[in-house]
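The structure appears below as structure tokens.
What follows is calculated from the coordinates using simple rules that are stated; it is not laboratory data. If you're wondering where the values come from, they're calculated on a predicted model, not measured in any experiment. Every residue, glycine among them, receives a Cβ derived from its backbone with ideal geometry; neighbour counts consider all protein chains shown.
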Amino acid sequence: MTDVLRLENVVAGYGRMRILKGVSLQVSQGELVAIIGANGAGKTTTLMAICGMVPVMSGRILFHGEDITNLPTVDIVRRGLTQVPEGRRLFSDLTVLENLEMGAFQRRDRSAVEKDLEACFQLFPVLGERKKQLAGSLSGGEQQMCAMARALVARPSVLLLDEPSLGLSPILVRQIFDVIEELNREGTTILLVEQNALKALQCANRGYVMETGQVALAGPGRDLLEDEKVKKAYLGYS
Amino acid sequence: MSRRNRRVEWFTLAAVCLAVALVPLFYGFRGQVPSTVLKICIYAVMALGLHVVVGLTGLLDLGYVTFMATGAVLTVVSMVAVADPETGTLIIPVGGRSLRGAEHLFHFPGSYLLVLALAGLVCSALGVLRGLPTLHLTGDYYAIVTLGMAEIMYIWYRTAEWTGGPQSLWLNPPDVPTLFGYKLYYDSAIYYFLVLMVFTATIIGSIHLRDSRVGRALSAIRLDPTAAMACGVPVSRYKLTAFAVSGFIGGIGGSLFALWSNGFSAIGMEVWESILLVCCLVLGGIGSVRGALLGSVVLVALGEILRQKVPHYSSGVGLVWKAWPPEARFLFYGLILVALMRFRPAGVLPDRVAGDPFPPELARAWSERATSLFRLGPSRKEASR
Ligand SMILES: Nc1ncnc2c1ncn2[C@@H]1O[C@H](COP(=O)(O)OP(=O)(O)OP(=O)(O)O)[C@@H](O)[C@H]1O
Ligand SMILES: [Mg+2]
């Protein structure tokens with residue numbers, strides 16, 4: 001297996017404040033990798049650094065072996081790395097369809113985009129029904145689906161998901177995770193940040209546990225689920 | 001917007017342009033009505049230019065008058081510029097004096113179209129220049145910086161020698177540019193139709209821009225710049241494009257305005273003009289093309305009406321006819337905006353809002369409230385009891 005995404009000792013933060021204190025991780029082709037960790041551990045910051053939205057102070061980020069550290073976000077998206085940001089961040093005054101079209105902003109192959117939109121509506125039938133609705137008036141779950149669909153129409157080779165289950169009912173959480181696993185099965189490499197550690201580790205090939213800006217623990221998902229420390233800190237066993 | 005709404009929109013806008021074209025049939029080209037219509041059209045053009053930054057990109061520009069002033073001053077200066085008959089150097093005759101025997105430098109066939117384009121391009125560059133240091137500002141910070149920059153330009157224009165400074169630069173009849181062999185006097189047919197053409201082109205352009213890929217990207221930037229970036233929108237480049245387009249239209253509007261007012265006076269280019277244009281957008285509904293037109297019609301027409309003599313009540317004398325002081329219009333603008341914020345915070349013709357744009361219950365409550373204002377005594381129903 002080859003590394004698609006690789007972080008080497010990445011130090012990053014806001015202004016002079018260092019949030020990531022040397023994060024190293026890798027994601028291989030076709031893998032589903034989960035990052036779990038407490039609030040404020042730096043999970044979101046890690047994804048932002050990968051996308052070039054938070055400046056990296058030292059270390060490198062490699063994508064398909066190429067150095068993409070501190071490249072403009074536009075170029076990173078063009079290479080096939082797309083993020084579904086924390087809290088969805090849809091364009092509230094645009095319709096669902098327009099949001100999805102924004103996702104395909106960099107693509108020029110109009111007819112292929114149309115096909116992918118159709119595929120998205122197959123994957124998320126609710127969105128098909130609500131094409132013309134303003135995204136801001138969707139329910140939380142529908143918004144999450146819309147955000148994922150928007151990322152998917154960019155045809156990413158690696159998808160970064162930041163807390164897709166945030167604020168969703170248990171049924172919707174299951175639905176979202178089903179979609180994530182299906183996407184992964186179809187060949188999309190996924191890096192998933194989750195608070196729902198149990199769900200995330202169950203479906204992930206491998207997992208990383210982050211603590212205060214560093215990777216504290218790494219290993220196959222099943223192993224992490226068995227780990228005493230993880231059980232205690234993130235799975236709620238006492 | 002649905003296809004039906006879009007058709008309604010095109011129909012409305014075409015009707016507006018047609019109405020403007022038909023005005024001279026009834027009123028001719030000279031006089032209060034055509035002059036007001038022209039001013040409305042010019043302000044509508046500028047409002048649509050401002051709309052690119054305020055409505056689409058979502059940045060509050062409080063210094064748009066800079067483009068208007070720059071377009072106007074460039075036009076007037078290039079039209080009055082003459083070559084000194086003795087030394088051959090360029091002279092700008094300030095204060096209405098004209099040089100006997102001097103040759104106009106920029107009067108050749110089609111020169112006004114060149115000047116018009118130039119006014120637009122210079123303002124476009126100015127917009128980009130102004131945008132570069134403010135690329136990362138949003139909200140109040142952007143508004144304050146544009147306000148400050150406009151003030152700097154205002155002070156420059158008011159004190160510089162080449163702009164006439166505090167005096168006015170008049171376009172005397174020989175200075176007025178020619179187009180296709182006709183003088184572009186402010187009350188000439190050719191000027192009227194030039195303005196109408198620019199007005200129509202700006203409307204069509206605005207709609208196409210809004211529905212284009214660029215317009216969509218600008219909307220995305222307005223709604224969430226971070227998410228727009230994550231979608232692969234080159235945010236800075238698109239913002240600069242918006243500034244350039246907005247400045248271009250402002251410069252064009254300013255140039256036409258210079259012909260309308262037959263000269264340039266820096267004193268008339270105060271911050272209030274910026275505010276007025278913003279008010280036009282707010283009144284009609286920020287982000288809406290039809291709204292920008294409606295706002296310009298209402299506010300500019302109101303300003304012109306208030307310049308007319310209106311009946312005043314004077315104690316002891318009774319009703320007398322006199323004009324309001326020019327500042328009075330801002331009192332009315334203020335009142336209109338307060339009422340707007342109370343009753344239709346999204347503007348009168350917003351482009352799109354979630355749900356019903358004007359719920360019937362609100363309409364009823366609104367009209368009841370309005371009528372109750374006039375019911376000072378007991379209502380008819382109560383009185384009959
Ligand atoms: N824009 C910012 N400026 C300064 N500090 C920030 C900024 N954004 C995040 N931080 C800080 O960086 C740290 C890590 O934040 P981050 O959002 O990466 O945490 P997280 O692991 O995603 O947490 P959560 O699970 O709550 O989303 C936090 O202490 C946070 O306060
Ligand atoms: Mg987070």
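B:Gln308 to B:Ala117: extension gain in nm, 0.36 nm per residue of separation minus the Cα-Cα distance?
Full-extension gain reported as 65.3 nm.
Once each part is reduced to its C-alpha centroid, what is the distance from region A:161-219 to region B:279-321 in angstrom? Measuring centre to centre over Cα atoms gives 59 Å. In order along region B:77-93, phi translates into HN-Hα couplings of 4, 5, 7, 8, 4, 10, 8, 4, x, 8, 8, x, 7, 6, 10, 10, x Hz, rounded to whole numbers, per the Karplus curve 6.51 cos²θ - 1.76 cosθ + 1.60 with θ = phi - 60° and x for Gly and Pro. Rounded to whole numbers, the Karplus 3J(HN,Hα) couplings from phi for region B:330-336 are 5, 4, 6, 4, x, 4, 4 Hz, using 6.51 cos²θ - 1.76 cosθ + 1.60 with θ = phi - 60°, and x at Gly and Pro. With kT/(6 pi eta Rh) evaluated at 4 °C and eta = 1.567 mPa s, and Rh the Kirkwood radius from Cα pairs, region A:138-238 diffuses with a coefficient of 90 µm²/s according to Stokes-Einstein. The amide H of A:Thr95, built 1.01 Å from its N in the peptide plane, has A:Ala135 as neighbours under 5 Å, considering only residues 5 or more places off or on other chains.
For region B:3-360, the relative contact order works out to 28 percent when only alpha carbon pairs closer than 8 Å and six or more residues apart are counted.
Here the contact order of chain A, divided by its residue count and restricted to Cα pairs under 8 Å and six or more residues apart, works out to 27 percent. Axis angle, to the nearest 10 degrees, between helix B:235-260 and the longest C-alpha principal axis of chain B: 70 degrees.
Ellipticity at 222 nm from helices only: DSSP H runs of n ≥ 4 in the protein assembly as shown, each -39500 (n - 2.57), divided by the residue count, give -17000 deg cm²/dmol. Positive end of the dipole of the protein assembly as shown (Cβ unit charges, origin at the Cα centre): among B:His107, A:Met102, A:Phe177, the Cα lying farthest that way belongs to B:His107. For region B:3-360, the Kirkwood hydrodynamic radius comes to 21.4 Å, computed from all pairs of different C-alpha atoms. Ranking B:Ile152, B:Gly285, B:Gly316 by how far each Cα lies toward the positive end of the dipole of region B:3-360 (charges on Cβ) leaves B:Gly285 at the top.
Remark: relative contact order (region B:228-328) = 12 percent; criterion is Cα-Cα distance under 8 angstrom and separation of 6 or more residues. Shape analysis of chain A yields a ratio of the Cα radius of gyration to the Kirkwood radius, Rg/Rh, of 0.96. Gain on full extension, evaluated as 0.36 nm per residue between B:Thr178 and B:Ser315 minus their Cα-Cα distance, stands at 44.1 nm. With 24 Å as the limit on Cα-Cα distance, the pairs of B:Lys39/B:Lys183; A:Lys199/A:Lys232; A:Lys132/A:Lys199; A:Lys115/B:Lys239 that go past it are A:Lys132/A:Lys199; A:Lys115/B:Lys239. Amide H neighbours of B:Asp351 under 5 Å, counting only residues 5+ apart in sequence or on other chains, H built in-plane at 1.01 Å? Sorted by chain and number, the residues that satisfy this are B:Ser288. Taking chain B as the reference, fit the longest principal axis to its C-alpha atoms, fit the long axis of helix B:289-307 to the helix C-alpha atoms, and give the angle between the two in degrees, 0 to 90, nearest 10. Once rounded, one gets 80 degrees. For region B:38-77 versus region A:17-58, the inter-centroid distance based on Cα atoms is 45 Å.
Taking the Cα centre of the protein assembly as shown as reference, the dipole from Cβ charges on Lys and Arg (+1) and Asp and Glu (-1) amounts to some 1500 debye. Computed from phi, the 3J(HN,Hα) profile of region B:150-162 under the Karplus parametrisation 6.51, -1.76, 1.60 (θ = phi - 60°) reads 5, 5, 4, 4, 4, 5, 4, 4, 7, 10, 5, 7, 5 Hz, with x in place of Gly and Pro.
Label the protein assembly as shown by shape, choosing from rounded, prolate and oblate, from the square roots a ≥ b ≥ c of the eigenvalues of the Cα gyration tensor; if a/c is under 1.5 it is rounded, and otherwise prolate applies when a/b is larger than b/c, oblate when it is not. It comes out prolate by the Cα gyration axes.
Legend: calculated FRET efficiency, B:Asn5 to A:Ser92, from the Cβ-Cβ distance at R0 = 30 Å, rounded to 0.05, equals 0.95. Helix B:213-223 and the long axis of chain B differ in direction by around 60°, with both axes built from C-alpha atoms. The modelled label-to-label distance for the pair A:Lys21/B:Gln167, using points 7 Å beyond Cα in the direction of Cβ, is 7.2 nm. Remark on B:Leu62: its backbone amide H falls under 5 Å from those of B:Thr146, B:Leu147, a criterion applied only to residues 5 or more positions apart or on other chains, H modelled at 1.01 Å from N. Using the Cβ-Cβ distance between A:Lys115 and B:Ser212 with R0 set to 22 Å, the FRET efficiency works out to roughly 0.45.
The overall shape of region B:139-199, judged from the alpha-carbon gyration tensor, is oblate: a/c is not under 1.5, and a/b is no greater than b/c. I need the shape label for region B:25-120. Rule: rounded when a/c is under 1.5, else prolate if a/b > b/c, else oblate, with a, b, c from the alpha carbon gyration tensor. Here region B:25-120 falls in the oblate category.
Centre-to-centre separation between the Cα atoms of region B:219-269 and those of region B:164-195: 26 Å.
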